[in-house]
1. Could you please let me know if A:Met595 is within 13 Å of another protein chain (Cβ to nearest Cβ), over 30 Å from B:Asp330 (Cβ atoms) and either surrounded by 16 or more Cβ atoms within 10 Å (Cβ to Cβ) or under 34 Å from the mean Cα position of the chain (by Cα) (or both)?
2. Given the conditions (1) of a type outside the set (A, V, I, L, M); (2) closer than 30 Å to A:Arg378 by Cα; (3) modelled with pLDDT of 90 or more, and given that A:Thr547 satisfies all but one, which numbered condition is not satisfied?
3. Confirm whether B:Val325 is surrounded by 12 or more Cβ atoms within 10 Å (Cβ to Cβ), more than 14 Å from every other protein chain (Cβ to nearest Cβ) and in a loop (DSSP other than H, G, I, E, B).
4. Looking only at region B:222-258, how many residues end up being at negative phi and either among the aromatic types (Phe, Trp, Tyr) or more than 14 Å from every other protein chain (Cβ to nearest Cβ) (or both)?
5. Yes or no: B:Tyr8 open to solvent by 30 Å² or more (accessible area, probe 1.4 Å), aromatic (Phe, Trp, Tyr) and touching a helix residue (DSSP H, G or I) at 6+ places or on another chain (Cβ under 7 Å)?
6. Where the second residue is assigned to a loop (DSSP other than H, G, I, E, B) and of a type outside the set (A, V, I, L, M, F, W, C) and the first is closer than 25 Å to A:Tyr204 by Cβ and lies in region A:358-378, which pairs have Cβ atoms under 8 Å and are six or more apart or on separate chains?
7. Tell me, please, whether a residue that is over 30 Å from A:Thr390 (Cβ atoms) and surrounded by 14 or more Cβ atoms within 10 Å (Cβ to Cβ) can be found in region A:290-311.
Amino acid sequence: MLPEQSRIRNFCIVAHIDHGKSTLADRIIEMTGLLTDREMQAQVLDNMELERERGITIKSQAVRIVYQAKDGQTYTFNLIDTPGHVDFNYEVSRSLAACDGAVLVVDAAQGIEAQTLANVYLALDHDLEVLPVINKIDLPSADPQRVKDEIEDVIGIEAQDAPMISAKTGQNVEEVLEQIVARLPAPQGDPNGKLQALIFDSVYDAYKGVIVFFRVREGTIRPGEQVLMMATGAVAEVVEVGYFGAGQFVPCDELAAGMVGYLTASIKNVKDTRVGDTITHKKDPCDKPLPGYKKVNPMVYCGLYPADGAKYPDLRDALEKLQLNDAALQFEPETSAALGFGFRCGFLGLLHLEIVQERLEREYHLDLVTTAPGVVYRVHKTDQTVIELTNPSNLPDPSEIDYMEEPIVEAEIMVTSEYIGAIMDLCQERRGIYISMEYMEETRALLRYTLPLNEIIYDFFDALKSRSRGYASFDYEMKGYMRSDLVKLDILINKEEVDALSFIVFAQTAYERGRKMCEKLKAEIPRHLFEIPIQAAVGSKIIARETVKAMRKDVLAKCYGGDITRKKKLLEKQKEGKKRMRQVGNVEIPQEAFMSVLKLDED
Amino acid sequence: MKDRISLYVHIPFCVKKCGYCDFLSGVYDERTQARYVRSLCEEIRFLGAAASGHTVSTVYIGGGTPTWLDLDAMETVLRTLREAFSVSCDAEMTIECNPGTVTADKLQMYRMYGCNRLSIGLQSAKESELRLLGRIHTPERFLHTYDMARKAGFSNINVDLMTGLPGQTLDDLLYTLEYVLRLRPSHISTYALMIEEGTPFFERYGEDVKRREAGEKTLALPDEELEYRLYKMTQYVLEENGYDRYEISNYARQGYACEHNCAYWTRGDYLGLGVGAASLAGKNRGSNVSDLEEYMRRCSLLAERGQEALWQDDAVKKLQADGFVSPFWDGVQTLSRQDEMEEFMFLGLRMNRGVTRRDFEGAFGCRIDGIYGEVLKKLREEEMLVTENGRIFLTERGRDLSNYVLAHFLLGR
């Protein structure tokens, strides 16, 4: 039976990380009886293994649930879960386009945080109705009234009636459901109009092929119809349409305006379905496509290489499949003298990089070597041309370079007043330029800084957390490019330059980073039969050096009858270690070493 | 199994456990010792019958401290051994000994049952080092034991030494070496102190080992440079004094190489007797159960209900393999031809004389170059080994880096 449009609510839940968004989603699903207890695992919507492990939401997930409201009517909710991390703003934006309203979860103890603001602004940009909810009221430190006032003062939305809940215990969650019915709008759109449906996600399934997730704005879509993807021009016959059960796809007869669901079709090429594209009927197409999404550009690049060179085609396949529902992931082939054939990949941030890397390793069983991540630099050449540099190895000869620019961001950091000093010091160290400071309330301030992206991609977030004992929150936005004094730092191992280890660095920190890099590599590279100099160089000038001493003694002292098996195991281990090495010249370098630059600030 | 075999007999008892020791040994009361001796004799008789037709060419009684066992108990073991096996009249028969645990009577009894080689654990001639190691004896005690052994007629005596002790200097080690060299023992074994997990030394020096491996400054253990010098000094001093380094950690005067150990390195067949003892029988490698109670349980099962019942026991039933299997093992590994080739190389090359092409062909029916041609070429180029008149052996550098070299001979799957 199909729900009537006025009794549909399409909404998402947005929150700062750890404010309880996924827990609330779980409770709602549980309370509407969609799942039996046995099926109910913590964080139903986070069904990617990785998401559960890390306790974060990476991909947007959708689920359809049915709610019997107090007015006696039955409502259909399409709940779309969204990621909270700053790296995944793009995913949030996609989810929001499929919604009419947003439930804003705010922690009753912590109040508004940087990502709360960022997500609310995104929701308001999409003209969504925002319904605030105060969560974690069971915490001893909860101060719901303060948080309500804060929401009204800072965001400017009415919050006095906001449900005060504990998603963990289920307390007052019912009220959230009632307010969703009462305060969030029903979808608009004419079921008999010309089909206009927005693709907000897609996944690849080994049996069904490409599965497209969409929201119908106008018209109705049914199996057997010929549809046109307006941007790619691809035409396909719809095989199945349906909606999202918990962790499963439930086929149905049709999806009409206002509904959220999926379709499978005779789509051969994964590239034919582009997230943000509009689906319409081939025969009777709509006039123009829906606006789609703001295109995002990757901000962090690194090289991904298969540990086993023969797996290069597998890596390409895997990247293509991941890109299908992760439009922010970009890649193009590249080669490295040290690492062979691989891909230069672009990511939204370091977490995004890590997630992709782990998904490739877990879901596609690929063993990867990753090179140091870097940002996109702009190189202005003396011949007036400009190149966007994503791979340090491609930096032109210094004589051809007029000047270079690096990307900068405007960061908003929310911090309690006692740590303001520490955080300002941190921003200073990272070459930040102070913009402003506003007090949100007596004890909390919002700091604004301009920071080079390069300085925040590695470990800024961790540093922020540790210097504020976890009390600072952070969000940032790209602000363009700034001229900067940058140099390429090269690493020479046994006098040979290793292209995969080069990176771009702020000139004044080159010496220190070069020195640390040599120290790290010295610890990573095993002894060889000969001495190995490790050098850091800027241009032709060596700025740091370490030496891996030659191996002189490596003896198993005793070896008698009883320990022959054990001794063999030791030798096997020694041999096994070599397999995870990369041969560069006559030096074997462990794969981990290529990520050394990430660990420079650890000590 | 081949016609000639070796025997290893394990006596797991000590006066006191040393801080670095991870061998299967400990302090037990007399009743347990007596039960163990009865059990061991059961096993000896059983395996003696199973190995009838084979001649025993070497015997090694190790521990623990075998000489700590009282005279009657050891006499029972030796007598049972001589009765159960046909020990060749010229067999090398070694018994391990710690200073202060033997008497003239004991030594004479060992001689009577054919023991002709004594291995004394001295470790160090410096009193402070002995105390640090947790040894029960003093240097004087060692001299006394050595003297008694000579008087009892032992002309073939090994002295065990340790290098790389916490706080050890080059002078300290030189003192110990010279102390021992004055006695001109026929054989000297030197081991670098290993810090094994699960020992008190691991608690104390485990972190230091990591520092040393990272090439950093150490707190107590000799750092990398000093350890290397200690190791090299041992080699030079002993070689200069007429000792031949016939294996990586063993030195002997002309004609006194330990035949029993050479049997291990040339892959001779050997049967281990006693708790935890290891065997190589044809293609099968096995180790006796290492749990003392379980070992004694199997022995009494054999004594009381016979070998049929022992083979039917749940723990024993699972031991199934072609060829020789002992019901005292806790598992059996049947070596593939590849395993045997690997062992042939990494054990054989431990010895100064190395391996010969002919022996390899004799054992495996194929040319060594067909299997290891490239490895040999590479290692020869790196000056790790030499091939000369059909013999392949390590250079001095190759011996210093033996782990690196020997790992090359593993063939992988």
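1. Working: within 13 Å of another protein chain (Cβ to nearest Cβ): no; over 30 Å from B:Asp330 (Cβ atoms): yes; either surrounded by 16 or more Cβ atoms within 10 Å (Cβ to Cβ) or under 34 Å from the mean Cα position of the chain (by Cα) (or both): yes.
In short, no.
2. (2)
3. yes
4. Counting residues in region B:222-258 that are at negative phi and either among the aromatic types (Phe, Trp, Tyr) or more than 14 Å from every other protein chain (Cβ to nearest Cβ) (or both) gives 17.
5. Yes.
6. Here the result reads A:Glu361/A:Asp367; A:Asp367/A:Asp308, each pair linking region A:358-378 to a residue that is assigned to a loop (DSSP other than H, G, I, E, B) and of a type outside the set (A, V, I, L, M, F, W, C).
7. Yes, some residue in region A:290-311 is over 30 Å from A:Thr390 (Cβ atoms) and surrounded by 14 or more Cβ atoms within 10 Å (Cβ to Cβ).
Residue by residue, here is whether (1) of a type in the set (Val, Ile, Thr); (2) more than 24 Å from A:Phe244 (Cα to Cα) holds:
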residue	(1), (2)
A:Ile157	yes, yes
A:Gln160	no, yes
A:Glu174	no, no
A:Leu177	no, no
A:Leu184	no, no
A:Asn192	no, no
A:Asp201	no, no
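The values are calculated or read from the model by the stated rules, or taken from the named source; none is laboratory data. No experiment lies behind these values; they were computed from the predicted model shown. Note: ideal-geometry Cβ built from the backbone for every residue, glycine included; neighbour counts use all protein chains shown. Accessible surface areas use protein heavy atoms only, side chains included; no ligands, DNA or RNA. Shrake-Rupley method; radii C 1.70, N 1.55, O 1.52, S 1.80 Å.
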